[in-house]
1. Looking at (1) within 30 Å of Tyr10 (Cβ to Cβ); (2) loosely packed, with under 12 Cβ neighbours inside 10 Å, which one does Gln58 not meet, given that it meets all the others?
2. Please go through region 50-69 and give me each residue that is more than 16 Å from ligand 3 (Cβ to nearest atom), in contact (Cβ under 8 Å) with a residue 40 or more places away in the chain and in a loop (DSSP other than H, G, I, E, B), ordered by number.
3. Within region 25-44, is there a residue that is closer than 30 Å to Ser72 by Cβ, modelled with pLDDT of 95 or more and within 13 Å of the chain's Cα centre (by Cα)?
4. Being touching a helix residue (DSSP H, G or I) at 6+ places or on another chain (Cβ under 6 Å) and modelled with pLDDT of 95 or more is the requirement here; does Cys14 meet it?
5. Out of region 1-39, which residues are touching a Phe, Trp or Tyr at 6+ places or on another chain (Cβ under 6 Å), more than 30 Å from Cys49 (Cα to Cα) and not hydroxyl-bearing (Ser, Thr, Tyr)?
6. Quick one: count up the residues across region 1-49 that are of a type in the set (S, T, N, Q), free of Cβ contacts under 8 Å to residues at least 40 places away in the same chain and part of a loop (DSSP other than H, G, I, E, B).
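The values are calculated or read from the model by the stated rules, or taken from the named source; none is laboratory data. Keep in mind that this is a model prediction, so the values were computed, not measured. Every residue, glycine among them, receives a Cβ derived from its backbone with ideal geometry; neighbour counts consider all protein chains shown.
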Amino acid sequence: MCHNLIDGRYHTECRHFSPMATNFKDCQKPNCLFSRWHAHPTGCRSTHCIRLMSPPVQNPIRMVQKICTECSKMEREGRRVHC
Ligand SMILES: [Zn+2]
Ligand SMILES: [Zn+2]
Ligand SMILES: [Zn+2]
């Protein structure tokens, strides 16, 4: 089945993954609705065709030894609220 491969950074401090780019991975099967190789490009009614995409796969292209921007923002806002 086709899936999206998400390139991104993995933040080791907060264990969050921040996506940077999404790449579509074609499974190249003629019975997959999402593939360029799908045998019935218009009006597919075949019950043998796959109508679901696999869950996206995270591809950490870089390890970052600090918290992500979301977490640092939350931390900053949290501090402002509590002070
Ligand atoms: Zn596919
Ligand atoms: Zn089909
Ligand atoms: Zn985070």
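1. Every condition holds for Gln58 apart from (2).
2. Here is the first cut: in region 50-69, the ones more than 16 Å from ligand 3 (Cβ to nearest atom) are 50-57, 59, 61.
Those still in the list that are in contact (Cβ under 8 Å) with a residue 40 or more places away in the chain too: 50, 52-57, 59, 61.
Listed by number, the residues that qualify are Leu52, Met53, Ser54, Pro55, Pro56.
3. So far as region 25-44 goes, no, none of its residues is closer than 30 Å to Ser72 by Cβ, modelled with pLDDT of 95 or more and within 13 Å of the chain's Cα centre (by Cα).
4. Working: touching a helix residue (DSSP H, G or I) at 6+ places or on another chain (Cβ under 6 Å): yes; modelled with pLDDT of 95 or more: yes.
The answer is yes for Cys14.
5. Those that are touching a Phe, Trp or Tyr at 6+ places or on another chain (Cβ under 6 Å), more than 30 Å from Cys49 (Cα to Cα) and not hydroxyl-bearing (Ser, Thr, Tyr): Gly8, Phe17.
6. First, pick out the residues of region 1-49 that are of a type in the set (S, T, N, Q): 4, 12, 18, 22-23, 28, 31, 35, 42, 46-47.
If we keep only those that are free of Cβ contacts under 8 Å to residues at least 40 places away in the same chain as well, we get 22-23, 28, 31, 35, 42, 46-47.
In the following step, the residues that additionally are part of a loop (DSSP other than H, G, I, E, B) were identified as 28, 31, 35, 42, 46-47.
Qualifying residue count, region 1-49: 6.
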